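One structure is given below, encoded as structure tokens.
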């Protein structure tokens with residue numbers, strides 16, 4: 001099957017017998033070296049335009065942007081993580097063309113950098129140690145470690161933005177099983 005395209009140097013039509021797009025070829029008319037373009041019927045269709053909605057978070061005032069299908073739905077603020085309902089009217093902007101992956105990467109690299117919410121490793125560690133206390137409460141160090149890691153996890157909740165429930169559960173389990181271990185040890189004497 002033949003593939004034809006216009007020479008970028010002389011403007012005359014070049015016809016090739018095979019699919020050679022992406023390769024380098026010399027124009028038979030002007031000897032200009034050209035890169036063979038992809039045929040139009042093989043090219044990807046353009047991405048559809050997306051309509052975005054924008055509103056301010058009621059808690060922190062940060063700008064929240066959503067695509068039109070999410071308007072009226074629940075969404076999380078990327079700054080303070082508050083769950084808010086997106087307004088249903090009066091918030092539409094002009095249609096914005098969809099970004100390619102390259103444009104999105106360039107915008108992310110040049111725009112303001114927001115730190116994504118991190119997991120609170122200390123709170124999760126305290127929770128896991130609290131669960132381990134159920135089986136190894138007689139080893140006094142396990143409940144103590146659960147209490148310590150849970151307390152550190154509670155202190156880090158404000159920075160990490162997550163882990164409050166894990167830290168409290170780990171703290172409670174550690175304290176309960178520490179009391180149980182002390183009671184068993186003192187009853188055995």
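The values are calculated or read from the model by the stated rules, or taken from the named source; none is laboratory data. Because the structure is predicted, anything quoted here is derived from the model rather than measured. Every residue, glycine among them, receives a Cβ derived from its backbone with ideal geometry; neighbour counts consider all protein chains shown.
Taking only the stretch 29-50 into account, find how many residues are at pLDDT 75 or above, surrounded by 13 or more Cβ atoms within 10 Å (Cβ to Cβ) and in a loop (DSSP other than H, G, I, E, B).
5
Sort through 1, 81 and tell me the only one that's modelled with pLDDT of 70 or more and not in a strand (DSSP E or B).
Values: 1 fails: modelled with pLDDT of 70 or more.
Step by step, each of 1, 81 is checked, and only 81 is modelled with pLDDT of 70 or more and not in a strand (DSSP E or B).
Scan the stretch 97-104 and give yes if some residue there is in contact with a helix residue (DSSP H, G or I) (Cβ under 8 Å, 6 or more places away or on another chain) and either farther than 30 Å from residue 145 by Cα or modelled with pLDDT under 65 (or both), otherwise no.
Step one: of the stretch 97-104, the residues in contact with a helix residue (DSSP H, G or I) (Cβ under 8 Å, 6 or more places away or on another chain) are 99.
From what is left, the residues that are either farther than 30 Å from residue 145 by Cα or modelled with pLDDT under 65 (or both) are 99.
Within the stretch 97-104 (the criterion being in contact with a helix residue (DSSP H, G or I) (Cβ under 8 Å, 6 or more places away or on another chain) and either farther than 30 Å from residue 145 by Cα or modelled with pLDDT under 65 (or both)), the answer is yes, since at least one residue qualifies.
Residues are listed down the side, and each one gets a yes or a no for (1) at pLDDT 90 or above; (2) surrounded by 13 or more Cβ atoms within 10 Å (Cβ to Cβ); (3) within 23 Å of the chain's Cα centre (by Cα); (4) not assigned by TED's automatic domain parsing to the domain that holds residue 181:
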| position | (1), (2), (3), (4) |
| --- | --- |
| 112 | no, no, yes, yes |
| 115 | no, no, yes, yes |
| 133 | no, yes, no, no |
| 137 | no, yes, no, no |
| 140 | no, yes, no, no |
| 143 | no, yes, no, no |
| 148 | yes, yes, no, no |
| 154 | no, yes, no, no |
| 157 | no, yes, yes, no |
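Take the residues in the stretch 55-78 that are at pLDDT below 75 and in contact with a strand residue (DSSP E or B) (Cβ under 6 Å, 6 or more places away or on another chain); name whichever of them is nearest to residue 158 (Cα to Cα).
Checking each candidate, the answer is 66.
Mind listing whichever residues of the stretch 160-184 are without any contact (Cβ under 8 Å) to a residue 12 or more places away in the chain and either on the phi > 0 side of the Ramachandran plot or not assigned by TED's automatic domain parsing to the domain that holds residue 148 (or both)?
Within the stretch 160-184, none qualify.
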